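Inspection log for the structure reproduced underneath, given as structure tokens.
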Amino acid sequence: MRKTFIGPHLRRLRSERSQTQSDMARALGISPAYVNLLENNQRSVSVSILLRLMETYGVDWREIADDDTGARLADLRGMMQDPIFDGTRPDLQELRAALSHAPRVLSALTQLHRAYLAVTDQLQAAAARSGTGETLLGASPEAAVHNFFRRHRNHFPAIEDAAADFWDTPPPAIDDLYSALKERLRTRHAITVRLAPVNEMPRTLRSHDESRSTVLLSEALDHPNRVFQLVHVLGLIECSAALDGLLEDLPPESPQGRARCRVELANYFAAAVLMPYDAFLAEAKASKYDFDHLATRFGVSFEQACHRATTLQRNGAQGVPFFFLRIDKAGNVTKRFNATDFQLAEYGGACPRLDVHMTFRTPGRIVPQLVEMPDSSRYFVFARTVDRPTFERHGQDNRLAVAMGCTIDHASEIGYAEGVSLGDARVTPIGINCRICPRAACEQRAHHAPVLTAPVDERRRGATRYDAFQS
């Protein structure tokens with residue numbers, strides 16, 4: 001038979017009646033020491049004591065004996081995964097002890113956390129509408145990267161210049177790049193490059209051991225990504241001063257954001273070296289932004305070619321302004337860059353009506369779509385899955401999906417739009433994401449956004465449980 005502990009219930013029952021433990025002991029015909037043991041969950045309660053509680057205090061013994069500890073513990077453990085508790089997160093034993101001895105304190109903490117989430121949602125909505133998310137909310141490292149690149153219109157002339165001057169002589173052929181980069185690291189920086197087995201670098205794709213002057217690359221990387229990683233390392237070494245100069249205007253209170261921006265700037269450098277600005281722009285226009293062709297032509301991945309296209313914003317030699325969005329199978333936004341006015345989701349998932357989510361059903365195929373934002377601006381978007389490095393057979397389905405978009409004015413320059421009749425094609429209404437989208441009647445709504453303030457009509461059930469607003 002399962003033991004039943006009623007400590008918090010018994011303590012509350014006694015406190016509501018302003019009784020001491022001795023008073024309750026006399027009323028129940030037991031010793032004060034036994035009451036103390038029961039209240040501290042050091043003794044389980046017997047059926048006879050439950051019956052006495054019912055007779056003496058007129059309470060239903062089932063309410064006292066009802067043990068929802070398991071469910072409450074699961075809720076608490078979920079709440080404690082919030083990053084706000086990093087560094088102070090209690091362990092399982094501490095949570096169990098708090099549930100036993102201070103349940104009302106935990107209830108108050110849970111209520112406070114819910115209020116915090118509600119206010120955060122409201123701030124996110126206000127930030128999205130005003131474009132001042134960096135001042136309304138403490139920027140996450142991901143937000144710091146996005147905001148930093150957005151301020152620079154996703155284009156850094158200093159890095160473009162450094163990339164253009166990277167090779168002293170004409171660059172080697174694509175199939176000779178890997179050897180040339182290894183030789184450059186060896187002769188100029190005394191750094192040896194070695195390809196390492198997956199089991200030697202668990203869950204790691206690249207490791208630069210400065211003390212041993214060694215760069216290890218995982219066998220899980222394909223050839224284009226091995227090349228990209230070596231140029232990235234050279235960017236961190238040879239363009240250090242230029243990177244530091246660009247990072248000077250970042251707030252010092254965000255060391256993680258600064259580090260992430262430095263990594264992304266080194267990625268920018270690598271892309272600029274492997275896909276030189278003028279040559280890439282000319283090929284992009286000639287191929288009508290065929291990113292499979294561009295990836296093959298420059299020896300890079302599909303994702304790297306897409307990302308490079310968002311940076312073609314040089315005055316007097318601009319490419320199509322794109323936004324770039326990458327999501328995982330759960331819809332979480334894992335990377336975003338933007339050279340347009342399109343508002344990209346920062347928190348949570350992207351809009352479920354974006355067909356980027358559908359690409360997981362047809363891996364490797366381009367999915368085109370015309371969309372309209374709540375402000376009536378329209379964009380042509382195309383999406384496709386991309387594969388990630390595979391470390392083991394248990395992690396083979398490791399795909400992500402990328403979406404590229406531009407305003408409808410530029411759609412005629414994109415080859416993927418040739419099969420879409422821009423004049424009479426169906427346009428899909430979308431939002432940033434459900435938490436801040438004002439489209440009340442959307443049949444795929446997953447959250448009651450703070451911006452939806454109309455009264456709820458209890459007599460009406462719409463397409464979703466959120467679509468019940470009075471008109």
Provide the percentage of antiparallel DSSP beta bridges, counting only those with both residues in segment 139-274; round to the nearest 5. 45 percent
Between residue 85 and residue 296, 0.36 nm times their residue separation minus their Cα-Cα distance comes to what? 71.4 nm
Peptides 430-440, 220-230 ordered by average Cβ neighbours within 10 Å, highest first: 430-440, 220-230
Using mean Cβ contacts within 10 Å as the protection proxy, how do 412-421, 303-312, 285-294, 14-23 order, highest first? 303-312, 285-294, 412-421, 14-23
Packing-ranked peptide list from 195-204, 258-267, 177-186, highest mean Cβ count within 10 angstrom first, is 258-267, 177-186, 195-204
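What full-extension length gain, to one decimal in nm, is calculated for residue 259 and residue 75 as 0.36 nm per residue of separation minus the Cα-Cα distance?
Values: separation 184, 0.36 × 184 = 66.24 nm, distance 3.39 nm.
Stretched out fully, the residue 259 to residue 75 stretch lengthens by 62.9 nm.
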Determine, from the Cβ-Cβ distance of residue 104 and residue 169 and an R0 of 56 Å, the FRET efficiency 1/(1 + (r/R0)^6), rounded to the nearest 0.05. 0.15
If the chain between residue 59 and residue 397 were fully extended at 0.36 nm per residue, the gain over the current Cα-Cα distance would be 116.1 nm
Label-point separation in nm, residue 113 to residue 360, each point 7 Å along Cα→Cβ: 2.6 nm
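Just so you know, all these numbers are worked out from the coordinates, no wet-lab data involved. Please read these numbers as outputs of a predicted model, since none were measured by experiment. Note: ideal-geometry Cβ built from the backbone for every residue, glycine included; neighbour counts use all protein chains shown.
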